[in-house]
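Worksheet: one structure, shown below.
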Amino acid sequence: MSNKQNVLGGNPTLNSYNLNFIIEGDLFTGQYDANKTLREVLEHALNKSQHTGRPVDDWQVKVAGITLDVNQKLSNLGLSDEVKLVVSLKTGAGGNSNWYEFGI
Amino acid sequence: MEIVIGMNLEYDVSSQYVEPAVSKEKFDRELNLFLSNKGEYIKRGIILVDAIFPSIDFIFLAQKLTPMAVVFAVRVNFNNYDVEPPSVTFIDPLSKLPIPAMKCLTHFQKRIGLDPNGQIQTQALLQFETPFSKPFLCFAGIREYHNHPFHTGDSWLLYRKRGEGTLSFIIEALYNYGIAPIESYNLQVQVQSPIVQLGQNPINISE
């Protein structure tokens with residue numbers, strides 16, 4: 001577990017987690033075994049909520065602004081039960097770094 | 001702050017070539033999805049201030065800061081949605097007038113990898129031609145991106161119905177790149193050598 005994910009302060013001893021996914025604004029809830037990876041769980045949630053048009057790698061999962069590693073088991077992510085996970089599509093970068101830029 | 005939800009009677013229909021009822025229904029669907037999770041958005045500092053078809057105004061707060069900061073405000077416009085993707089305009093949170101790039105406090109940095117020294121490389125998703133011009137978000141799903149001459153080969157129709165261009169997608173992108181990384185204020189203090197002068201009362205100056 002990375003330090004970044006320790007800050008979530010969840011319960012690593014649970015055998016299963018009730019997770020609330022907010023996928024593109026839709027709420028989807030499910031109970032998942034703590035030994036499943038977030039990727040497995042995310043795939044299931046995307047399928048069940050009819051968000052099947054994009055591969056799982058196109059999505060990212062965040063909680064409290066922190067991006068979770070989908071390859072980790074749920075028990076390693078520091079999640080708390082009933083946590084709300086925000087699932088959103090990754091954004092493709094356009095832009096042109098040669099344009100005028102200043103500041104941040 | 002009172003939230004206004006309704007129809008803008010001063011809305012310029014001349015630019016709307018999609019049947020307005022169709023765009024309005026899709027606008028309502030996107031808005032209702034947002035409102036169904038409004039509490040969660042507020043916890044993350046995403047505040048809806050106006051929703052009058054065809055536009056929704058939001059302000060985004062950096063909630064990790066004390067005091068919290070209004071980092072930016074946007075107007076998401078659903079004119080001709082979803083034959084066209086939504087437009088995102090950065091506005092002054094109080095006057096609601098569009099702001100130039102130089103007034104944007106964040107440039108929506110996206111991590112694009114590591115350089116050979118292991119340093120994180122980023123790219124600004126906020127683009128503009130001069131500090132005085134209108135800034136725009138440069139990624140698929142945003143009207144300004146697809147209408148830009150650099151991206152004529154990346155049509156919106158390749159993305160429509162795939163997830164990009166929804167209100168949720170736009171809000172999450174604005175939050176992920178504009179708000180989530182902000183954890184502190186950076187203060188720049190310019191220290192100047194004090195200039196000590198003697199104060200004279202003109203009345204006491206001799207002729």
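Values in this text are rule-based calculations from the coordinates and carry no lab data. Quick caveat, the model's predicted, so the values are computed rather than measured. Every residue, glycine as well, gets a Cβ built from its backbone with ideal geometry; the counts of neighbours run over all protein chains shown.
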- Message: What are the ³J(HN,Hα) couplings of segment B:124-131, residue after residue, when phi is run through the Karplus curve with 6.51, -1.76, 1.60 and θ = phi - 60°? Round to Hz, x for glycine and proline.
- Response: 6, 7, 8, 10, 6, 8, 9, x
- Query: Whose amide H sits under 5 Å from the amide H of B:Val49, counting only residues 5 or more places off or on another chain, with H placed in the peptide plane?
  - Reply: B:Asp57, B:Phe58, B:Ile59
- Total charge of the residues flanking B:Arg44 in space, meaning their Cβ is under 13 Å from its Cβ, with Lys and Arg +1 and Asp and Glu -1, is +3
- Item | segment A:3-89: Cα Rg divided by the 2.2 N^0.38 Å rule of thumb | 0.98
- Query: Among residues other than B:Gly163 whose Cβ falls under 9 Å from its Cβ, what is the net charge (Lys/Arg +1, Asp/Glu -1)?
  - Reply: 0
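If you take the C-alpha gyration tensor of segment B:4-182, multiply each eigenvalue by 5 and take the square root, what semi-axes do you get, largest first, in whole Å?
The equivalent ellipsoid of segment B:4-182 has semi-axes of 26, 21, 16 Å.
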- Query: Once amide H atoms are placed 1.01 Å from N in the peptide plane, what residues at a sequence separation of 5 or more from A:Ala34, or on another chain, have their amide H within under 5 Å of its amide H?
  - Reply: A:Ser16, A:Tyr17
- Query: Roughly how large, in nm² to one decimal, is the mean projection of the convex hull of the alpha-carbon atoms in the protein assembly as shown?
  - Reply: 24.9 nm²
- What ranking do B:Tyr159, B:Tyr81, B:Tyr17, B:Tyr177 get, fewest neighbouring Cβ atoms within 10 angstrom at the top? B:Tyr17, B:Tyr159, B:Tyr177, B:Tyr81
- Note on the structure: Most exposed first, judged by fewest Cβ atoms within 10 angstrom, A:Thr52, A:Thr13, B:Thr166, A:Thr67 run A:Thr13, A:Thr52, A:Thr67, B:Thr166
- How large is the Kirkwood hydrodynamic radius of segment B:11-110, in angstrom, based on all distinct alpha carbon pairs? 14.7 Å
- Hey, in the GNM for chain B with a 10 angstrom Cα cutoff, which one of B:Ser155, B:Ser55, B:Ser87 fluctuates hardest? B:Ser155
- Query: In whole Hz, what ³J(HN,Hα) sequence does segment B:169-186 give by Karplus (6.51, -1.76, 1.60; θ = phi - 60°), x for Gly and Pro?
  - Reply: 4, 5, 5, 5, 5, 4, 6, 4, 9, x, 10, 3, x, 7, 10, 7, 7, 9
- Least to most buried among B:Phe150, B:Phe58 (fewest other Cβ within 10 Å first): B:Phe150, B:Phe58
- Note on the structure: Among trypsin sites (Lys or Arg not before Pro) in segment B:110-169, those in a DSSP loop whose Cβ has at most 13 other Cβ atoms within 10 Å are B:Lys161
- Message: Given all pairs of different Cα atoms, what value in angstroms does the Kirkwood hydrodynamic radius of segment B:108-175 take?
- Response: 13.5 Å
- Task: Would you list which lysines come within 25 Å of B:Lys110, measuring only between C-alpha atoms, while excluding same-chain residues fewer than 8 positions from it?
- Result: A:Lys4, A:Lys62, A:Lys84, A:Lys90, B:Lys43, B:Lys64, B:Lys134, B:Lys161
- Using a cut-off of 12 Å between beta-carbons, work out the net charge of the residues near B:Lys96 (Lys and Arg +1, Asp and Glu -1, B:Lys96 not included). -2
